[in-house]
Structures are given as structure tokens and as C-alpha cells.
Protein chains: 2
Amino acid sequence: MGVLRFLRLCALFLTFTVCNGWLFDSFGEQRRREADEVALWPLPQKVQSSGTAFRLSATSFQIVHGKGSTAGPSCSLLQNAFRRYYNYIFGDVRKHGKNLNNVFDSDVLELQVLITAADPECDGYPSIKSDESYSLEVDQPAAVLKAANVWGALRGLETFSQLVYEDDYGAHNVNKTSISDFPRFAHRGILLDTSRHYLPLRFILENLEAMAMNKFNVFHWHIVDDHSFPFQSRTFPDLSHKGAFHPFTHVYTPSDVKMVIEFARMRGIRVVAEFDTPGHTQSWGKGQTDLLTPCYSGSSPSGSFGPVNPILNTTYDFMTRFFKEVSTVFPDAYIHLGGDEVDFSCWKSNPDIQKFMDKQGFGQDYSKLESYYIQRLLDIVSSTNKGYMVWQEVFDNGVKLKADTVVEVWMNNNVEKELQNVTGSGFTTILSAPWYLDYISYGQDWQKYYKVEPLSFDGTAEQKKLVIGGEACLWGEYVDATNLTPRLWPRASAVGERLWSDENVKDVGSAYDRLTKHRCRMVRRGIAAEPLYIGFCPHEYGGQ
Amino acid sequence: MGVLRFLRLCALFLTFTVCNGWLFDSFGEQRRREADEVALWPLPQKVQSSGTAFRLSATSFQIVHGKGSTAGPSCSLLQNAFRRYYNYIFGDVRKHGKNLNNVFDSDVLELQVLITAADPECDGYPSIKSDESYSLEVDQPAAVLKAANVWGALRGLETFSQLVYEDDYGAHNVNKTSISDFPRFAHRGILLDTSRHYLPLRFILENLEAMAMNKFNVFHWHIVDDHSFPFQSRTFPDLSHKGAFHPFTHVYTPSDVKMVIEFARMRGIRVVAEFDTPGHTQSWGKGQTDLLTPCYSGSSPSGSFGPVNPILNTTYDFMTRFFKEVSTVFPDAYIHLGGDEVDFSCWKSNPDIQKFMDKQGFGQDYSKLESYYIQRLLDIVSSTNKGYMVWQEVFDNGVKLKADTVVEVWMNNNVEKELQNVTGSGFTTILSAPWYLDYISYGQDWQKYYKVEPLSFDGTAEQKKLVIGGEACLWGEYVDATNLTPRLWPRASAVGERLWSDENVKDVGSAYDRLTKHRCRMVRRGIAAEPLYIGFCPHEYGGQ
């Protein structure tokens, strides 16, 4: 029996999961077909797939606005997405002209994208409240993707592209399928660190692409830290001019930042910038005199500097002007203010700080000084009408927080207790502690990330609702443009499915099969996602 | 003081190590200059460097054959190397046209390459006996590189290119320097595994480039294994047709293999192919009936297969014809025959094998059967006039080996004892046990590889001489084209210096400084070598 005929039979009479097995190929041998079957990642909430297979022809198939859609050709976000997903589905048709040789009529002529809400949000930015749900009906002669607005449509387009599979003759097929889908968690983030190493723009954009393929929707941009300050501020140009690794080649100009934000928006991804203070600020001090605390050695300054100096009015003047700019540069409703790992030793050494502590009645409790600083900073940021995210220490230290503050739990020693406390106090929270992807190890560590259940802590239903998601963090000590992408993908994909799919989707074996194929799909789309284990992709990375 | 003037002063009056420190830049700030200083890797045996700096101009500088050299323009190996190193030194002049704008006379007009032996070996292949020593005198108006033959010249060209540094204005400088250099160990290898994942040709070539930058001279090509058989044999085409991941896209054709060998030869790198038997051969069985042992479940065959079947004459007929082809395809004097990790359970289950064991008087000692097979295989390979390398088990099992056999020590449990035994028996050996680079971990594990001293075992001077080198092994379970290069470099560079430089070159701090710069040099040459730690390269990978 020819391969094609067998495949068609397989498609006609069996569900696609059965087609995942061993097939006889044209060499008369059993050979694992790892490529051509459907592998949805992350798994949608509800999938009904019949065995009926339809053809898609690159020459006649189109993605179009559905009749009655509130979005039309002027919705450039969707227009761009249509083109992008057409290219993902058919490859670069100009390059692989072979596809055009398969002249036949499409069974499925169109994917009609129907936006139902009065405002399709074409020109808006995604937010924590965005509705990402969608439904997808794949049938003859048209498939229909329905969503309230563009954010759901983007997710549905990704899913549709994952449903299409190619047979050995280069023909594209899609099974009759019915999907209704929505994310389990609203905040599904990736943290990249551009301070410990500078990441050239194209690598940030490439990873936004990969995020969209895994339905992530937040780029947590840990943009500055102790080691360098690549963010170019218009108000304080010296910050990057003196604090970046290089003032011209290793900075993000306002135009770079705009490009990242727009590229992310087009993919339904929020950009939450982090400006972490009062610790992690060594690089700030290079371009802003008197911002950091002078450390003392005995009775005289040692020449080195500690955290932001919390006792000077100039500090708060600076922060007011700086965050005013930041709040206009980054359109997202939230700014991440950091607040983690403040080392008190420099504060302790400084006599002026000691005097201030006495005056305020803080005694020797430097966490009170930290809280004092953070409190004032939060008020400053609130006045820009932004919400804020903070690392867990800010909550742990008892700082008074606005009700809509998001507390990020990152310490891996007592995660469940911390989630209990944060949600018990009525704050929303996101989880990153189990997903520090910079900690590499030998073997399939993605399984460890996959098995995490964010809601396994003791708490009421109300408390569980306050866990709005999580983040995979790739800190930059050992990561730059040379190894970023293969180190992040597909390990972060495991987190992607955990945050999107139903909590019962947790079978590691099924995940392995789907993720193996999904990573080959990412590779085919140009993302250098590393292998899970022994095997191959039909189209290897950068292969001939 | 302007940067340029300061740099010139620095170059004129100080040694380059002093220039490694902090310099005032044009922003009036202290800023670490991590880029523009000389960092030799691996460190040559003898370096004398004066502070006198000379200019090199891209428009007038040339690499030429020295007067009286036995090699001339017909030596395409050198002609290619001259072009390659010119490009490394000046970058892509067409792309960075700026270099051409620096119009000034070169202080150093030429690098004269003088080959002294009657036979320069332009058309030969490197061997374990190749003389890689060279001397280098950098002076005005010409630098002179002297070597017995092309192999030493290649090493010296790499060193010369590492001596050249660029200042902030794009001008190239080289200090007056005198170097005499030779490798501590003759065998300095990298193992890549193309069976567990297929590596497209260009990634193999890219890593041969990186090997040359680190003065490695052996590509140990673990070309086939259980999981796939990508080597296309003319004699037995079914081996790859049925045993490769894909018969057309995932194979190395004879022409591919030739290209690898020639590309390596041009860089003074031997290609030692490994065809590992009798274990690690599952993929061989797909294209060669009756080659593998049928395993039994009780009294009937189970359908699965074990190691090569050592009791059939057809096995040895096959091996004779196969290795006859292999011996002509690979010009190196050695073939690696594997011989590791033979699982006896299948042999034990097979009644025919049991009968054979009885007949031969092997009792229940299956290592005797393994030795029987290996012994016959070694005789077959000997008859092709090739030498062989084997993994340590072959020696451990007491197989009778030819005097020139190279035993590879890979088991990390008792390395010193094994080295003692192997060399005590008079065999040459190479060490790979401490350098399994597929075992990744968080942090600067290159230091662990760097600190290994191959001759630290108890033994006579004669025994120590038998340790001819070592290999860094990157097994392919978790490695393919997406992550190969950043996972291998610069971690393998640590092994490169250990095997080339004097045993007293072991200061980790100095190594860190030089390797940080060397990895940026690799990045600038297009190799995605990952960072050692926090910091930056003036020219980031794939940056704008």
C-alpha cells in the first residue's frame, strides 16, 4: 500500500492519535513518523477531532475576515497575522516552489476570522483582562475562527496553523475539527534579562515569535540591573551613556523599545518592563550622581556604593521624573518595580543613614528603611496611573500595597506557604519560583517544570483565583545571544502548557510526544529550539 | 588624554598584560576594556612580548610565502589559510569598508611564512606524527613565521591572528613579539556524535573552524550508533537507506564525507571515524540482515536484536568488505572501532550462541565471546593497513592488541588506575573520561575541565610518554544543530589549552581573562560560543 493512500485512510478512519504510531513507508520498513501528525501545544481546553481530512492548497487557500466581523482590512494587526500564519502553514512558497506544483482544489478554501465584539481592539494593547478565548470549526468549504476580539483570534490562528499537517508529497491536510479554547491563567510570562548580557534586538524579537507559538502573553523585560543599564532614557541620557556596556552599541534606543512593544502587541504579548530598585542598581549609579548610598569603611567613604540612597529628597525627585518617562514609554498598565535582594551592609556602614534610622525610630531594622523607600516609590508610580508588580520581599516586609498589586513569588524554599500568605492577604500573585530556567542540568528537566501545579497550596477558592499565572525566568548570568534561544525553548514550552491548558492535562508521556513535534515545528519556523531527546526533525535547524 | 593616544602609550611603554586593566575612556569614566587586548589561547610554550606596537593596514598588509620557503603559490592549503587569516584579522573588509578608510602605511607590511622541510606536506594529511611546532617573530617591516611544514604554519597563523588587536578607531596593531611554540600532546580531539541526532554538514564544518581556532587536531567522528546510520556506504547502501533517520535528507553522502575530510585537512585536523561494534549497532541491523544477534524470549526469537552476531562467518565477510571501503574513504591512519558497553543479555538468551560458547570452551564468560569477535575484527582491519583506536573495555577484557593501538580511557570511576594499567602494558592512550561535555551543569564548569592534569597518575616517565593526548566528547542525546556550538564552545577551549600548553599553565584567573576574550574573538568570527559569565563582547553574536 502506498504511503499516501495509507495516510489518507488513516486520516479518514482513525483519530489522529492513532496515526502517531508506526507506519510502513515506501521502503517496506516500519519507520517512526515523527513529523507529519498533528501535535497541539499547548493543548486546547476542548478538542473534537474527526478523522475526516481535508486538503489545503497554497494557491487557493486564504485567511480572510469573516462575514459580519467587526474587524476588516484596516485591522493591520490581523492582516499581519493572516500573512504570518499563511507563511507558517505553507512555508516560504517562493522558496519551496514545489508546493505550487500540487495543483488541486482546496477542500478548505478559507479560514474565516470572525470578530464579534463591537471593539475588535485592533489598535489596542493586550492587558491582564484581555479575552483570549476563541472557537474554531474546521469544515468544508470553510473553517471558521470566532473570537470576541483580536487577542483570541491570534491564539486561534496559532491553533489552526498547528492543525495543518503535510504529507510525504508536500500536500497540506487538516482534519475536521471543533475546538473551543481559553487560557487557564491570564498571566503567562517569560522573563529575559538584558543587563547581565546585552541581547541584540533581533534575538528579543525572535523570542517574542516563539512566545506566540506557545501562547505566552507577557514579556517581562528585566531591562536593567547591577551590571549594565541599556535602557536609553530621554530624561536621563547619562544612565545608559555611562551605565551600558557600551553607550552606542549596547543600548536600547527609544525606537528599539517601540519596536519591541509593537512587535509584541502584534502577537498579543504585553511588555512589562522591570526597573528594579533599591538593590540591583549598581549600573544606575554610573550615570546619576548621589543616587546610590556611599558605603563607609570605618569613618570614611570606601569609594563603593550600595543600594539607592533612601534618605535624600533628590532620590525621590529623580524617581519621579524617571518613572514619569517610563510610564509613557511602556504602554502596559503595569510596571515591575523589583524590590528583591536588598543588601543592608552598605546602609549599615553609612553614618547619615544611621542618623536617619534613629530619627525615624527604625532602630536597627533595616527592612523598615527598605519599606520606607519602597512605600514612597510606590506612591510615585501610582501617581503615573500605573499598577505595579513587585518581587515577594516587598510583600514579606509588610509594605502597604495597592489592591491591584501583583506579587511575584520567586523564592523556591517555601512556595506553598508564600502563596497562601499572599493570597490570604487578598493580593494577586504570579509564580516563578519553580521555573528559573537559567538553572540547567543534564537530561529532560522540562518534565520537572511541566509537573508543577500552581494551585496545589492550601487555600480557599477565592485565594486560588488570585493566582493569575506565572513566568519562566531566564536570568542572564550565563546567557547571551549565542545560547538564549536553545536554552529557553522548548523548556519554557512546558511552562506554557501548564499555564494555558486544563489542570488535568498532565500526562508526561503524551506531553513528550506532542512537545517533540511542537519543537520540530518551532525549528521549521526558524526557532533554534533544542531537542528533548534522541531523534530527528524532518527539517533540521539551518539544514540544507 | 584621548583614548587613542593613551592606547598608543600603553602599547609603547607597557606590556600588554598591563593594558588589560581599567582605562579612562572618552566619557571620563573608568570602563573595563575587555576587547582590544591580546589574549592568546591556548597559551604558546614561549612568548616574549615587548611593548612596542606596530600598525597593520588592511590595504597594504599581506601574508606571503617567505623567501626560501619550500612551499609556494601552488600550495593551496597555505593559500587558503592566508586568505582565511587575513579575513579573521581585518574582518570582512568589503562589509566593514571603514577599515579601508584608515589609510596609513603598515609598520608591518608582511607576514612571511617560511616552510623549511624538503616536503612542506601541502597535499598530505596530518597524522599523529605531524610536526606542529613553529616560531614567530613579529617585527618591522616584516613578521616571520617559521615551521617545518604546513601543519606548524597553520598553528602559527592562528597565533599571529590572535596577536593583532584593534583600537577604538578600527586601526589594527600588533606588538613586537617572539614566540616559539609546540603542542604538549599530539592528539587533541573533539568527539561529535551524528547518530543520536543528525548534524547538517555546515554545523560540522563550523565546528572544524572553531577547532582550528583552539588548535585541536583530531575530529573523532562518532558517525553511526544504535539510533541512526547516516554514513552512506557504496558497498552496502541499505545501511543508510534503511538505518538513517531519513534515507535522503539525513545521510552523509560520499561527497559530504570528502568535504568534511578536506575541510579538516586544510586546518590540520585529522578525521578519525568511529564504527563502533559489536554493541551500539541497532541501526546497522535495519539494512543488513543477519548481522545482529536475534534475542530469544524463552525458546523462540523475541523479534528484537542484540549486538553483532559473532558466531556467523557472514558477519566477518560483511565486516571485511565494509571496513575495506571505510579504509579507503577515510585517509587517516587510524579507525576507531569502539568496543564499549556490550550488553550480554541478548547473547545469553540465544541458544546458538550458547552452543558456540560451549564449543569454544568459553563457559559462561561472555567477555571471552566479545574478545573473540573483536580479535577477528582487529585482524580484518589490520589487513587494510590501518591502525585502530578502541574504547578502554577492549583493553580491559584482555584482547590482544597491535603495539600501535590507541586505547581511549572514558570511564570516570578509576581514571588514574586505568592510565597506569594501559601505559604499564605499553599501549598508547588518550583520555576523555573527565571531558564528557554533554554533562552540563549550572555555572562555570569549564574550570573543572581546565584543572584536569592528564599525567597526574603514578607511572614512569616512559608510561607518561604513552599518554598522547585527549578528547572532549559531546555525545548527542541532547544535542543537535540548534545547541551544538554554544554547548561545545568555549567549554572545549579549556580542554584545548590543557592539551596544547605547558603543564604549568594552570592559573584559572589568568585563563578566565584570556578565555573571555578568546570567546569574544570566536563570536566575532561567527562561532556562537557561549559566555563564561556576566559581561559583553564589543561585537555580539549576530548583532546589528
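The values are calculated or read from the model by the stated rules, or taken from the named source; none is laboratory data. Predicted, not measured: the structure shown is a model, and the values here were computed from it. Methodologically, a virtual Cβ is constructed for each residue, glycine included, from the backbone with ideal geometry; neighbour enumeration extends over all protein chains shown. For accessibility, only protein heavy atoms count, side chains too; no ligands or nucleic acids. Shrake-Rupley method; radii C 1.70, N 1.55, O 1.52, S 1.80 Å.
Details
- Members of the stretch A:159-215 found to be of a type in the set (Gly, Ala, Ser) and on the phi > 0 side of the Ramachandran plot, listed by number: A:Gly170
- The helices (runs of 4 or more DSSP H) found entirely in the stretch B:340-433 that carry 1 or more residues being in contact (Cβ under 8 Å) with a residue 24 or more places away in the chain, in contact with a strand residue (DSSP E or B) (Cβ under 6 Å, 6 or more places away or on another chain) and buried (at least 16 other Cβ atoms within 10 Å of the Cβ) are B:345-349, B:366-382, B:392-396, B:415-424.
- The set of residues from the stretch A:501-518 being part of a loop (DSSP other than H, G, I, E, B) and surrounded by fewer than 17 Cβ atoms within 10 Å (Cβ to Cβ) comprises A:Asp502, A:Glu503, A:Asn504, A:Lys506, A:Asp507.
- Subset of the stretch B:443-481 (residues that are β-branched (Val, Ile, Thr), open to solvent by less than 10 Å² (accessible area, probe 1.4 Å) and touching a Ser or Thr at 6+ places or on another chain (Cβ under 9 Å)): B:Val467
- Residues (in contact with a Phe, Trp or Tyr (Cβ under 7 Å, 6 or more places away or on another chain) and of a type in the set (D, E, K, R)) located in the stretch A:271-317: A:Glu274
- Residue match in the stretch A:183-202 (condition: basic (Lys, Arg), within 14 Å of chain B (Cβ to nearest Cβ) and farther than 22 Å from A:Gly338 by Cβ): yes
- Counting only helices (runs of 4 or more DSSP H) that sit wholly inside the stretch B:1-117, those with at least 1 residues that are under 30 Å from A:His250 (Cα atoms) and modelled with pLDDT of 50 or more are B:76-90, B:98-101.
- Scope the stretch A:305-331; condition part of a loop (DSSP other than H, G, I, E, B), under 22 Å from A:Pro230 (Cβ atoms) and open to solvent by less than 10 Å² (accessible area, probe 1.4 Å); matching residues: A:Phe330
- Exactly one residue among B:Glu540, B:Glu530 is assigned to a loop (DSSP other than H, G, I, E, B), within 30 Å of A:Pro538 (Cα to Cα) and either open to solvent by 20 Å² or more (accessible area, probe 1.4 Å) or away from every other protein chain (no Cβ under 14 Å) (or both), and that residue is B:Glu530.
- Extreme residue, nearest to the other protein chains (Cβ to nearest Cβ), among residues of the stretch B:476-500 that are assigned to a loop (DSSP other than H, G, I, E, B) and over 16 Å from A:Leu488 (Cα atoms): B:Glu477
- Boolean, B:Thr328 is closer than 26 Å to B:Asn207 by Cβ and of a type in the set (S, T, N, Q): yes
- If the condition is being among the charged types (D, E, K, R), within 17 Å of A:Arg521 (Cβ to Cβ) and outside any loop (DSSP other than H, G, I, E, B), then the stretch A:149-195 contributes A:Arg155, A:Glu158, A:Glu166.
- Selection over the stretch A:470-492 of residues that are touching a Pro at 6+ places or on another chain (Cβ under 8 Å) and not charged (D, E, K, R) gives a count of 7.
- Answer from B:Arg525, B:Arg521 - the residue that is more than 30 Å from A:Leu532 (Cα to Cα), more than 8 Å from chain A (Cβ to nearest Cβ), basic (Lys, Arg) and open to solvent by 30 Å² or more (accessible area, probe 1.4 Å): B:Arg521
- Among the candidates A:Asp238, A:Asp256, residue that is within 11 Å of chain B (Cβ to nearest Cβ), surrounded by fewer than 24 Cβ atoms within 10 Å (Cβ to Cβ), over 18 Å from A:Gln288 (Cβ atoms) and among the acidic types (Asp, Glu): A:Asp256
- Of all residue pairs spaced 6 or more apart or on separate chains, those with beta-carbon atoms under 7 Å, a first member in the stretch A:70-99 that is farther than 15 Å from A:Glu209 by Cβ and of a type in the set (A, V, I, L, M, F, W, C) and a second member that is surrounded by fewer than 16 Cβ atoms within 10 Å (Cβ to Cβ) and at pLDDT below 95 are A:Val93/A:Leu100.
- The stretch A:439-475, subset within 11 Å of chain B (Cβ to nearest Cβ) and in a loop (DSSP other than H, G, I, E, B), residue nearest to A:Pro200 (Cα to Cα): A:Trp475
- Looking only at residues of the stretch A:398-438 that are under 21 Å from A:Lys465 (Cα atoms) and among the charged types (D, E, K, R), we find that the one that is nearest to the other protein chains (Cβ to nearest Cβ) is A:Glu408.
- Check on A:Ser299, under 30 Å from A:Leu205 (Cβ atoms) and of a type in the set (Ser, Thr, Tyr): no
- Residues being of a type in the set (Asp, Glu), in a loop (DSSP other than H, G, I, E, B) and closer than 15 Å to B:Gly66 by Cα - total across the stretch B:118-148: 1
- Output for the stretch B:39-63, where each listed residue is within 21 Å of the chain's Cα centre (by Cα) and over 15 Å from B:Glu166 (Cα atoms): B:Trp41, B:Pro42, B:Leu43, B:Pro44, B:Gln45
- Every condition in (1) modelled with pLDDT under 95; (2) over 30 Å from B:Ile128 (Cα atoms) is met by B:Glu341 except one, and the failing one is (2).
- From the options B:Pro307, B:Pro237, residue that is touching a Ser or Thr at 6+ places or on another chain (Cβ under 7 Å) and at pLDDT 95 or above: B:Pro307
- For the stretch A:204-231, residues that are within 14 Å of another protein chain (Cβ to nearest Cβ) and either free of Cβ contacts under 8 Å to residues at least 24 places away in the same chain or open to solvent by 10 Å² or more (accessible area, probe 1.4 Å) (or both) total 4.
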